[in-house]
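Here's the structure we're looking at; comments come further down.
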Amino acid sequence: MSDFWLYFTLGLEHVLDWQAYDHVLFIIVLCAAYSLDSWRRLLLLVTLFTLGHTASLFLSNYDVVAVSSTWIEFLIPVSIITAAVYNLITASRAQRRRTSMVLYLVTIFFGLIHGFGFGRYFNQINDDKELLPLLEFALGIEVAQIIVVLFVVIIGMLVQYLFRFNKRDWILVISSVVIGMTIPMLIENWPF
């Protein structure tokens, strides 16, 4: 049972680590355009991200795919900025609905990128290459992401209600702030 808590907690800490906040930034922009009444779509997006993340951990854990950490560290901020720009472009609800399948596929892809970013470290702590620790870690990631989503959605609802922000303005502000926070990561990891 202690192994479960070890890997589950590691998954929680992987997302909720404020020193490595790239994961949180991606989840923030992923859910900024949604409210609690669209919880099914939010849960689907978060789960798709976790599936992509887990798939890349699986692929790297079993040495199926090896990806250069230089490119992964560059693609992580690219994925965050891309999701934020997507929000800026599709801030109107009608446009977002038309492109939801694209968003689902892109979310899985970005989950893959983020998972490869953690793959090398996970391989070091799961040196027996067992599957169960990988699933326990994925469960911790999923729970942590749901915590972040709930926090962002509740804060978004409060800000929109208290300060009379409309949904579009909230999406534009949050996405712009995330872009501003991510640009230094992009510059720092520029591989060219």
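Say whether the condition of being in contact (Cβ under 8 Å) with a residue 40 or more places away in the chain, among the hydrophobic types (A, V, I, L, M, F, W, C), surrounded by 14 or more Cβ atoms within 10 Å (Cβ to Cβ) and out of contact with any Cys (no Cβ under 7 Å at 6 or more places or on another chain) is met by at least one residue in segment 34-42. No: segment 34-42 contains no residue that is in contact (Cβ under 8 Å) with a residue 40 or more places away in the chain, among the hydrophobic types (A, V, I, L, M, F, W, C), surrounded by 14 or more Cβ atoms within 10 Å (Cβ to Cβ) and out of contact with any Cys (no Cβ under 7 Å at 6 or more places or on another chain).
Before we move on, is Ile155 without any contact (Cβ under 8 Å) to a residue 40 or more places away in the chain, in a helix (DSSP H, G or I) and not polar (S, T, N, Q)? For Ile155, the condition - without any contact (Cβ under 8 Å) to a residue 40 or more places away in the chain, in a helix (DSSP H, G or I) and not polar (S, T, N, Q) - is met. Looking for something more than 19 Å from the chain's Cα centre (by Cα) and without any contact (Cβ under 8 Å) to a residue 24 or more places away in the chain - is there at least one such residue anywhere in segment 104-127? Yes, segment 104-127 contains at least one residue that is more than 19 Å from the chain's Cα centre (by Cα) and without any contact (Cβ under 8 Å) to a residue 24 or more places away in the chain. Screening Leu103 against (1) within 22 Å of Leu12 (Cβ to Cβ); (2) in contact with a Leu (Cβ under 8 Å, 6 or more places away or on another chain) leaves a single unmet condition, (1). None of Ile80, Ile72 is out of contact with any strand residue (DSSP E or B) (no Cβ under 6 Å at 6 or more places or on another chain), crowded, with 16+ Cβ neighbours inside 10 Å and free of Cβ contacts under 8 Å to residues at least 60 places away in the same chain except Ile72.
Residues of segment 1-26 that are under 13 Å from the mean Cα position of the chain (by Cα) and among the hydroxyl-bearing types (Ser, Thr, Tyr): Tyr21 alone. In segment 43-69, of all residues being of a type in the set (Val, Ile, Thr) and surrounded by 20 or more Cβ atoms within 10 Å (Cβ to Cβ), the one that is nearest to Ile147 (Cα to Cα) corresponds to Val46.
Computed from the coordinates by the stated procedures, all read-outs in this text should not be read as laboratory data. All of these numbers come straight from a predicted model, not from anything done at the bench. Note that we place each Cβ from the backbone using ideal geometry, even for glycine, and neighbour counts take in every protein chain shown.
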